[in-house]
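These notes concern the structure reproduced below.
None of the figures in this text is laboratory data; all of them are computed from the coordinates on show. Quick caveat, the model's predicted, so the values are computed rather than measured. Because the Cβ atoms are built from the backbone with ideal geometry, glycine has one as well, and the counts that use them run over all protein chains shown.
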Amino acid sequence: MDETSSQSLDPDRQKELVSLITRHQRRIFSYLYALVPDRHAAEDLLQETNLIICEKFASFRSGTDFVAWACQIAHWRVRNARQKFARSKVTFNQEVVDAIAATASSMVKELDARHEALEHCLGRLHPRDREMMLTRYEPGCGVAEAAQRSGRSLQAAYKALARIRKLLFDCVTSRLAREGAP
Amino acid sequence: MNSDDSESLELTALCDALIDGTIDDAGHEKLARWLLESDDARRFYVQYMGLSASLCHYAGELQTEAPEPMPAPARIIRHPASWWTIGTLAASLVIFFTLAKQWSQNNDDGALDTDRFVAVLLQTKNCRWAPGSPAPNAGDHLNRGQVLAISGGLAEIAFDCGAIVVIEGPASLELDSAWAATLRRGTLRAQVPPEAVGFRVSNPAVEVVDLGTEFTVVANEDGAAEVLVLKGSVETASEGKPLVLREKEGRRFAKTGASDVRDRDRKLERLAQTLTLDTPPAPLAYAHWSFDESEGDIATASVVGMPTVRPIAHFEHPTQKAGSEGRWGRALCLDGTFAAAAPFPGIASDARRTVAFWVRLPQDAPLTSGQTILAWGEKGKGRKTGNPATLLGWNARPGQGTVGALRADRGPDAVVGTTPLRDGNWHHVAATFVPAGRTRKLLHVRLYVDGRLEATSVSKPKRPAPPSIVPATHEDSPSAETLWIGRPPGGRVRGERFRGEIDELIVAGRALTAQEIRRLMKTNSLSAPKEETGGDPNPKTTSL
């Protein structure tokens, strides 16, 4: 690894790097999560991807599509890391991953719109359901934590979370349909 | 793809199982085949996984947001927290590793010791530190394993458990823990309050376990030790033989066995004389909310030596403030629907600090109710600044310690006490914080309940980003400069606020000793006895 490559950037390019990498973290994470639907694995891959982005940033042309460039790096990173997941169900075989990557790359704007709509839909949830869902996704928590805090059994929590996710998904879809979004 | 047709419902179920980690081999295989063969299924899958990724983001964002509007004077500045939830950690680490490798090496605090600070040097008199021995100053914290060697004079040490020890030179004392010391030579005099019963002094010849008393150990060069009890009783153990010594009793322990102490009465008389040491106690800055106001939407603090602190705590819902009979005067009664916030410049920084208050929790406080009693800093911001929020409350996680016990959280670190607080009674709780390490990036936390040391920990934040590249730090944010009462820090807080009563909240500008905490508990005052007073005699009280 060339540890000095990003150090050789001039201050303006360093600022640009910091700005881009922070502004688009969620998009890169979302892309990675579709390829490797395990939060911790995806976060690890995000960090590795960030590292490579820093190393390679000198080759990125300002004004071009940073997210597309970063997602290419992320996809390459997932391909390289697949052997780590070979025996688990964390991700799929290479052919499937490549197909998902191609689809996800074409949906960045749509996912952005869905992300914005989700905030509205979260606000419309019953507070108890919102609390449970956000607990499920809170860093360091999970289904067991959500079950405990909501006073449900684990099995009941799985069912409830699936139901709430479906509610949110449908809410987002219908909201975008009303707005004529992509 | 219609999300309600049977195919979609099955695909949704498979995606849910994948997200929650419950998918079986057959389901995984079916989903893989589906995704490979169908564009629609793939698009649906990407949307569904995107939803899950966004939920990760929003759940993380709730830990980092700026505050909701509170009554003046807090001004709301909404930070672009949403791009700093996942990104902060990742980007800071990346930038840290790639741009500041050398800086990180310089910033290394070394291996963690889980209980590094165990005592404080209180005072000295004519103290001459032995050659080669560290020469701490009054007020310095002393590490576990540190040897204090004096060739003459007196040094007074406050152990974190509450035991006060004076050594008389020539003497050499090794600090084993907050509860134990080894006297290699010299004279040691220990005052052990009831909260510190169990404090132990060892010597090659004898081990003395205090049973709530005042005693002396004199260790000779030849390895023998004399134990004299001034008040109460101690249990001694020499060569496996236990012996209880009571008031005015003494015993000499040597390799050859135990014997009477020569000139015992004369020695007891000399040891009973009051020692006067040189150093006055350090001046103490503090803010003290008594919560004695019976009405209104603010609580006003007495502030001493903290000129930048505006001593006003505002309540979220002015009409809902409720007082009750407290431990001293009236108390703040929180019913789970509202909380309070006090602008407190500097609270977010890691500085020596004590937070102490009385608290009464209902016996039936449910585990799902709000547990945060006090908080400061911005939750989650530690990922970019290395300085996470601190929360003081009660423990509701059975797997992490006694349920209902005092709990302090700081970023990923938590420390839990042992006394269940959910008993409907008033308890005095205190937490002390001491930054340490070569770069002062460790934070030592001590929890005291009813004057007794219950738990200690060392928190080490994640590595901060290098100075040249760090975005605005949380110290810049008004929410970070706020002391939250009855709720976690930040903006939207899910769930209930704290339910219970709080009284006599004090934020002091240094780590109080166990002795001071006990005095505060008993007298509701931080003022030392008159001959010791070094602080401002006229506390400033202001109101709107």
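Some observations on this one:
- Once the Cα atoms are used to define both axes, helix A:66-85 deviates from the longest principal axis of chain A by about 70 degrees.
- Working from Cα pairs under 8 Å separated by at least six residues, relative contact order for chain A is 19 percent.
- Here, region A:109-182 has an Rg and a Dmax of 13.4, 40 Å when only alpha carbons are counted.
- In this structure, the amide hydrogen of residue B:146, modeled 1.01 Å from its nitrogen in the peptide plane, lies closer than 5 angstrom to those of B:175, counting only residues at least 5 positions away or on a different chain.
- Spin-label model distance (nm) - residue A:95 vs residue B:29, 7 Å beyond Cα toward Cβ: 1.4
- Counts of other chain beta carbons within 10 angstrom of each beta carbon in peptide B:6-12 average 1.
- ³J(HN,Hα), Karplus 6.51/-1.76/1.60, whole Hz, each residue of region B:512-521, x for Gly, Pro: 5, 7, 4, 5, 5, 5, 5, 5, 4, 4
- Exposure proxy ranking, count of Cβ atoms within 10 Å, fewest first, for B:150, B:485: B:150, B:485
- Working note: Karplus 6.51/-1.76/1.60 with θ = phi - 60° gives region B:160-170 the couplings 5, 6, x, 5, 10, 10, 10, 10, 10, x, x Hz, where Gly and Pro are set to x.
- Between residue A:19 and residue B:128, the C-beta separation translates, for a Förster distance of 60 Å, into a calculated FRET efficiency of about 0.50.
- Electrostatic dipole magnitude of region A:6-106 [Cβ: Lys, Arg +1; Asp, Glu -1; Cα centre; debye, to 20]: 200
- Measuring r between the beta carbons of residue B:43 and residue B:324 and using R0 = 51 Å, the FRET efficiency lands at 0.30.
- Under-26-angstrom lysine pairs by C-alpha in region A:8-141, whenever the two are 8 or more apart or on separate chains: 4
- Under the convention that each Lys and Arg Cβ holds +1 and each Asp and Glu Cβ holds -1, the size of the dipole of region B:170-265 around its Cα centre is about 140 debye.
- Peptides B:356-368, B:165-177 ordered by average Cβ neighbours within 10 Å, highest first: B:165-177, B:356-368
- Calculation over all alpha carbon pairs of region B:176-223 in 5 angstrom steps from 0 returns a P(r) of 5, 23, 33, 24, 10, 4, 1 percent.
- Peptide A:146-159 has a mean of 2 when you count, residue by residue, the C-beta atoms of other protein chains within 10 Å of its C-beta.
- Relative contact order [Cα under 8 Å, 6+ residues apart], region A:33-137, whole percent: 31
- Distant-in-sequence amide H partners of residue B:455 (H built 1.01 Å from N, under 5 Å): B:447
- With a 10 Å cut-off around each Cβ of A:131-138, the average count of Cβ atoms from other chains is 6.
- Annotation for residue B:137 and residue B:222: the two label points, set 7 Å from Cα along the Cα-Cβ direction, are 4.3 nm apart.
- Added length on full extension, which subtracts the Cα-Cα distance from 0.36 nm per residue, residue A:124 to residue A:141: 3.8 nm
- Cα convex hull, region B:6-61: 72 Å³ per residue, rounded to a whole number.
- Nearest-ten-degree value, helix A:108-124 long axis tilted from longest Cα axis of chain A: 30
- Simple spin-label estimate for residue B:274 and residue B:10 gives 8.9 nm between the two label positions (7 Å along the Cα-to-Cβ direction from each Cα).
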